Amino acid sequence: MSSVLLTLNAGSSSLKFAVFAAQGDVPLATGLADRIGANGTITLRDGKGDTVPQAGAADVSSHQAALLSILGQLRARLGELDVAAVGHRIVHGGISFVAPTLLDANTLQALEALVPFAPLHQPHNLAGVRAAIAAFPKARQVACFDTAFHRNHPFVNDTFALPRVFYEKGVRRYGFHGLSYEFIASELHRIAPRLAEGRVIVAHLGNGASVCALHHGRSIASTMGFTALDGLPMGTRCGQLDPGVVLYLMDQEKLSAAQISDLLYKHSGLLGLSGLSNDMRELEAAGTPEAAQAIDYFVFRVQREFGAMAAALGGVDAIVFCGGIGENAKAIRARVCERLAWMGVELDHARNSQNALVVSSELSRAQVMVIKTNEELVIARALRGFN
Ligand code: ADP
């Protein structure tokens, strides 16, 4: 029986997973249980990312049922498995969880206490933990936090200008996408160690999107703040917003906190501006004026945040694009870089159109790179640290 490591990313009705052997960076399998609770399905992929056929029907009626179904599918494909450890992507670690943490009754309770900081994500992450404890009671359960990588921000990038009591209560700029940035920092260190020590701007542009400034491989600033709403516009999230807009929505439009939350998280961003879709590919194909304006706004805000991060770093040695848009959307990368000549950026359009690792020209002062992010591998490495 082979001993394996399982990584889990639990959302409200989805469960992303990857299985790793005790050693090695390439997963044995990855996949997704989707629409959990309502006619859900499981997609299973091999280590190369190709979809593989499934063995029989899958029960996806709850997170726990989905986990057991996933295990059944994996066993049919990989043989008898011993899940030695499960690593969980947890959105919020608050002030004190700054590294991967073994989950027990106490740590789980401490993470429950952080639910008010991330009410739309943390409860689902923790439901995934509980389902995994029930499904694999003998396995080590480890939490890996999206906030941890940013916890060393200097005070000016950690605070809001509110009365200090709120900072003490934890109203801070946490920053998110930390597992992705940790991967990019480690990958840069591997492929370009000199650059990795320098001033690097990383743009994680997916359905969620943020920019992070790295110096000596550590995060010093992020566009995301107290919640994953801040900074760039995203698929359905608004990004940076004057807080006065929220007051207006409450006072004049008479929206409740729940309605405003729904508006800002689920109906804004690319979807809200285009009135069409949250998906960049669909917007690029649509050709309506509203879709074009949504893309214009996205590009403009990425450029603006690059400027802000360049100021925070005092210069730029390299830029890295990652996430579904960052890795694949050539036209968006080209448009973002178009107005960064002042920063020493010059794109090589042929390389950019191939999604090459380095997409800047030989003359570019700042190197521009495209790196496929791998949050699952960061979690698997953390699990190995507990062996
Ligand atoms: P998530 O944040 O949910 O993990 P992804 O990182 O997969 O999301 O990013 C999804 C986004 O990437 C979508 O907006 C999708 O349209 C966009 N995307 C993926 N491939 C392309 C492409 N070839 N061109 C433009 N956009 C793309």
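The values are calculated or read from the model by the stated rules, or taken from the named source; none is laboratory data. Since this is a predicted model, take the numbers as computed values, not measurements. Using ideal geometry, Cβ is built from the backbone for each residue, glycine included, and neighbour counts are taken over all protein chains shown.
Of the residues making up the stretch 280-298, just one is away from the ligand (no atom under 12 Å from the Cβ) and over 21 Å from His267 (Cβ atoms), namely Gly287. Reported count of residues in the stretch 300-336, each being over 21 Å from Leu357 (Cα atoms) and surrounded by fewer than 22 Cβ atoms within 10 Å (Cβ to Cβ), is 11.
Set side by side, the residues Ala213, Ala196 differ, and just one is away from the ligand (no atom under 12 Å from the Cβ), in contact with a helix residue (DSSP H, G or I) (Cβ under 6 Å, 6 or more places away or on another chain) and without any contact (Cβ under 8 Å) to a residue 24 or more places away in the chain, which is Ala196. Within the stretch 251-279, the set of residues being within 10 Å of Met234 (Cα to Cα) and within 12 Å of the ligand (Cβ to nearest atom) comprises Gly269, Leu270, Leu271, Asn278, Asp279. Taking the stated definitions as given, is Ala134 exposed (fewer than 15 other Cβ atoms within 10 Å of the Cβ) and touching a helix residue (DSSP H, G or I) at 6+ places or on another chain (Cβ under 6 Å)? Here the answer is yes, as Ala134 does meet what is asked. Identify the residue in the stretch 138-178 that is among the hydrophobic types (A, V, I, L, M, F, W, C) and assigned to a strand (DSSP E or B) and, among all such residues, is nearest to Asp82 (Cα to Cα). Filtering the stretch 138-178 for residues that are among the hydrophobic types (A, V, I, L, M, F, W, C) and assigned to a strand (DSSP E or B), the one nearest to Asp82 (Cα to Cα) comes out as Val142.
With respect to Glu327, determine if the residue is touching a strand residue (DSSP E or B) at 6+ places or on another chain (Cβ under 7 Å) and either among the charged types (D, E, K, R) or modelled with pLDDT under 95 (or both). Judged against the criteria, Glu327 is a match. Scanning the stretch 50-59 for any residue that is crowded, with 18+ Cβ neighbours inside 10 Å, without any contact (Cβ under 8 Å) to a residue 40 or more places away in the chain and more than 25 Å from Arg384 (Cα to Cα) turns up at least one such residue.
Determine, yes or no, whether Arg172 is crowded, with 18+ Cβ neighbours inside 10 Å and farther than 21 Å from Glu375 by Cα. For Arg172, the condition - crowded, with 18+ Cβ neighbours inside 10 Å and farther than 21 Å from Glu375 by Cα - is met.
Output the residue which, of all residues in the stretch 352-380 that are assigned to a helix (DSSP H, G or I) and within 16 Å of the ligand (Cβ to nearest atom), is farthest from Glu182 (Cα to Cα).
Ser353
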